[in-house]
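See below for the structure under consideration.
The values are calculated or read from the model by the stated rules, or taken from the named source; none is laboratory data. All values reported here derive from a predicted model rather than from experimental measurement. FYI the Cβ positions are ideal-geometry reconstructions off the backbone, even for glycines, and counts take in every protein chain you see. The area values use the complete protein model at the heavy-atom level, side chains included, leaving out ligands, DNA and RNA. Shrake-Rupley method; radii C 1.70, N 1.55, O 1.52, S 1.80 Å.
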Amino acid sequence: MLGPPPGLTELNVACWTLFISFLLVPLGVVQWAHSRHEAHPIRQLNSDFVYVYGVGWIARTYSPALIYDLELQQQVFHSIEPPRDGIYGPSPYPPFVALFFAPLTYLSFESAYLVWLGISLGLYVTGIGAAAIAVFPRDRSSRSLTYCFALAFYPFLFGTLLNGQLASIAAGAVGVAMYQENRGRWFWSGLALSLLCYKPTLLVLLVPMLLLTRRFKTALGFVAGAGILVVGTTLVAGTHIWALYADMLRHFGSVTGAGGSSRLQLWKYLDLTSCFAAISGNKSANAMSILGAVMIVIEIALAALLWRSADAGRAAQWLAWAATFTSTLLLNVYVPIYDSVLVVIAIILTIGALREMAWERARSWVALTAVLILVFSWKTETIAHEHGIQLLTVLLLALGALQWILLGRVIGMNRRAAKGCNL
């Protein structure tokens, strides 16, 4: 006869054992071997940290006004580390990103990379921990298991941490925002969310969501935080920096194919526009117009759902956030795989909502989807490159559909309960 299913303690032991045995130890051995035989083992990673270190170098040694000079960007990036193939793309981050990284350029590239690696890990762990504490306040076993799965997520471990990318800022900001909201600190929640201004594409659904769900104090905190970033940058770099930034965004839009053919390696992206382009061979005007119309219809449906969720209880609030994060990764124009770290927060919130509703069967389905996302995240780029199908996008679609259905059910139950109380 089959015994009882494993409990949280057994799952924690198994998860952490696998994580340490098959990830941390082999990774440590590989890096040690590189350090023994290579003069600069960190440079062998060919990480994207070159971009932020490079624009920080330009801001410090030349002028903040020159951070969007494409020719100078290429010159500086190549001087740091020549690309293994092709050329570097432009660095389109807002100017305050370059100003933030400018002090790190007093260090060597290797030392700055290690400092950022520590900061990045701290931001990610803080965000995951804050969200887990909000959802599982008295359940250390669930929080421990959450940490294990989050750290083993390929888009974080390799796509973000070792790659020197900035997605850990998003995870940290969103996790802290959830923690603050759970304690009724709406303004501070919005202030944390303003850190997402480092990548405007992450805000395309988030800002409307704050208004649709009547989180006006949160929106005020977000505006205050964004205002601090804008004013501080303007004081340092001058008002003209924003015109230069707008020009960079227009140029970058042509690179990403926002209005036509893309020059990106599409198998590394999760958004529906990139996936559709990869499957169809690239973006034709008619096909993209149809896809755009479909996405607008989906966004309108999401907006209606979010509007109805505003007074539907805590479970609905968590699901509204979760559905917004997952939809942001899909209904967008430029979502590299490392930005999918947001889905970790979305899964935590979804499981927390189902736990509060005591919907065990639905929670099992979400947990299974989460495991599949974790497992396939390790092979999704390879499969997409060879076959044109981004499995992580398919799984995110499944998760998003589950979140939408569950949110609709919670709203419906809440409204029926309210009518019953009024009879």
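Side notes on the structure shown:
To keep it simple, each residue is scored yes or no on (1) free of Cβ contacts under 8 Å to residues at least 40 places away in the same chain; (2) in contact with a Leu (Cβ under 7 Å, 6 or more places away or on another chain); (3) assigned to a helix (DSSP H, G or I).
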residue: 85; (1), (2), (3): yes, no, no
residue: 91; (1), (2), (3): no, no, no
residue: 99; (1), (2), (3): no, no, yes
residue: 105; (1), (2), (3): no, no, yes
residue: 121; (1), (2), (3): no, yes, yes
residue: 149; (1), (2), (3): no, yes, yes
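- Selected residue (criterion: nearest to residue 366 (Cα to Cα)) from residues of region 384-399 that are of a type in the set (A, V, I, L, M) and at pLDDT below 90: 389
- Within region 200-217, the set of residues being assigned to a helix (DSSP H, G or I) and more than 17 Å from residue 342 (Cβ to Cβ) comprises 211, 212, 216, 217.
- Qualifying residue in region 104-125 (condition: closer than 22 Å to residue 57 by Cβ and among the acidic types (Asp, Glu)): yes
Residue-wise test of (1) at pLDDT below 95; (2) buried (at least 21 other Cβ atoms within 10 Å of the Cβ); (3) touching an Asp or Glu at 6+ places or on another chain (Cβ under 8 Å); (4) not small (Gly, Ala, Ser).
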| position | (1), (2), (3), (4) |
| --- | --- |
| 44 | yes, no, yes, yes |
| 57 | no, yes, no, yes |
| 67 | no, yes, no, yes |
| 81 | yes, no, no, yes |
| 84 | yes, no, no, yes |
| 87 | yes, no, no, yes |
| 91 | yes, yes, no, no |
| 97 | no, yes, no, yes |
| 101 | no, yes, no, yes |
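- Checked against (1) without any contact (Cβ under 8 Å) to a residue 40 or more places away in the chain; (2) out of contact with any Phe, Trp or Tyr (no Cβ under 9 Å at 6 or more places or on another chain); (3) of a type in the set (Gly, Ala, Ser), residue 141 passes all but a single condition, namely (1).
- Selection count, region 159-196, where residues are assigned to a helix (DSSP H, G or I) and either surrounded by 20 or more Cβ atoms within 10 Å (Cβ to Cβ) or touching an Asp or Glu at 6+ places or on another chain (Cβ under 8 Å) (or both): 26
- Selection from region 261-320 of residues that are at pLDDT 80 or above and of a type in the set (Ser, Thr, Tyr): 269, 273, 274, 309
- Taking region 309-423 and the helices (runs of 4 or more DSSP H) fully enclosed by it, the elements with 3 or more residues that are open to solvent by less than 10 Å² (accessible area, probe 1.4 Å) and within 30 Å of residue 265 (Cβ to Cβ) are at 314-330, 342-357, 391-422.
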